[in-house]
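Down below is the structure, laid out as structure tokens.
The values are calculated or read from the model by the stated rules, or taken from the named source; none is laboratory data. Bear in mind that the values here come from a model prediction, so they are computed numbers and not experimental data. Glycine gets a Cβ as well: all are built from the backbone with ideal geometry, and neighbour counts include every protein chain shown. Side chains are part of the model used for accessible areas, which takes the heavy atoms of the whole protein and leaves out ligands, DNA and RNA. Shrake-Rupley method; radii C 1.70, N 1.55, O 1.52, S 1.80 Å.
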Amino acid sequence: MTRQRTVFAGLALIGAFLGALLGYMVAPNSHRYSTTANVALLPAADLSTNEASGFWEVLTRGQISRMAAIVYNDHRWLPSAAKAAKVPQGQLSLTAAAVPDTTMVTVTVQADSPTAAEIALNNVLTVASTEVTSLIVPFAVKVLWPPQD
């Protein structure tokens, strides 16, 4: 009876080891890293106080920030970002969303390494902010985080 228990325990250990090994081999091992930037949409700096107050009213309605989020979320920025980060485009993912009840947009890039995510995000912000700025005139785009330069 003792020999049967020993054989059973040995087989159970071997089975547990094989199961753990199989689980390790089958489960995806990649880690994803995210880098997020906050972008503020503001009235242009050259507006008078009276003019700026009217523009703030328009901004707080959220339409401008939603439109900016749509532009930032466009996946046409990914080829340039992948080239800058020196990774395949398929390793990057891009999301952007307007922050409710604010004049802010968050832009997030995910990649397989933190360096690639940061470089790709900086590239997206540089390239896309130019187009966002041209679309939302007379408003201005200010990247709050990560700090530029």
So if I check each of A52, A98, which one is open to solvent by less than 60 Å² (accessible area, probe 1.4 Å) and under 30 Å from H31 (Cα atoms)? A98
Only residues in segment 61-77 that are within 21 Å of Q110 (Cα to Cα) count as the first member; pair them with residues that are open to solvent by less than 20 Å² (accessible area, probe 1.4 Å) and modelled with pLDDT under 90, Cβ under 7 angstrom, at least 6 apart or cross-chain, and list the lot. A68/I136
Would it be correct to say that S80 is closer than 27 Å to S48 by Cβ, in a helix (DSSP H, G or I), small (G, A, S) and touching a residue at least 12 places away in the same chain (Cβ under 8 Å)? no
Candidates V107, V132, V137, V87 - the one that is part of a loop (DSSP other than H, G, I, E, B) and open to solvent by less than 70 Å² (accessible area, probe 1.4 Å): V87
Read through the list (1) under 30 Å from T133 (Cβ atoms); (2) loosely packed, with under 10 Cβ neighbours inside 10 Å, then give the number of the only condition that Q4 fails. (1)
Here are T60, T49, T103: which of them is among the β-branched types (V, I, T), closer than 30 Å to I136 by Cα and touching a helix residue (DSSP H, G or I) at 6+ places or on another chain (Cβ under 6 Å)? T103
The lone exception for L21 - which of (1) more than 28 Å from the chain's Cα centre (by Cα); (2) touching a residue at least 24 places away in the same chain (Cβ under 8 Å); (3) open to solvent by 60 Å² or more (accessible area, probe 1.4 Å) it fails: (2)
